[in-house]
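Here is the structure we will look at.
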Amino acid sequence: MKKLLLTTIAAVALTAGLVSNALAESKGKTITLSGKGCCAKCCLKEAETCQNVLTVEKDGKKTKYYLVQNDVSKGFHSQICETVKNITVTGEATTKDGKKSIEVAKIAEDKK
């Protein structure tokens, strides 16, 4: 009986450790990325509503980051709603269900 109890306690402790580790990873970290900015609805035709998307290309692989709707992202949206522009975004990146997103702190058009 004691052996079963100890095994159960160890399993619960291990699970709690894994869950807290997973939660820490999902919070993300602040990063700065540059790439092509456009609208998920108007340019990419993959959403029902307008949302900014940053497409970053590295080593021939394209990765899309969906910009979380906040004041900074919404304020910039009119500049890329129906066009594609080179932009730089700084914010907290997260991944949920395989979809990358950024809580935008700063966004600017690249004047190159």
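The values are calculated or read from the model by the stated rules, or taken from the named source; none is laboratory data. Note that the coordinates shown come from a computational prediction; the quantities given were computed from them, not determined experimentally. Don't worry about glycine lacking a Cβ; one is built from the backbone with ideal geometry, like all the others, and counts go over all protein chains shown. Each accessible area value is taken on the protein alone, full model and side chains, heavy atoms only, with ligands, DNA and RNA left out. Shrake-Rupley method; radii C 1.70, N 1.55, O 1.52, S 1.80 Å.
A few remarks follow.
- Percent accessible area from carbon and sulfur atoms, the stretch 72-112, protein chains only, probe 1.4 Å: 47 percent
- Between ASP110 and LYS41, the modelled labels are 2.7 nm apart [label points 7 Å from Cα along Cα→Cβ].
- Residues in the stretch 71-112 reached by a label modelled at THR32 [backbone nitrogen below 12 Å; 7 Å Cα→Cβ]: 88-91, 106-108
- Probe 1.4 Å, accessible area per residue of the stretch 52-108, Å²: 60 Å²
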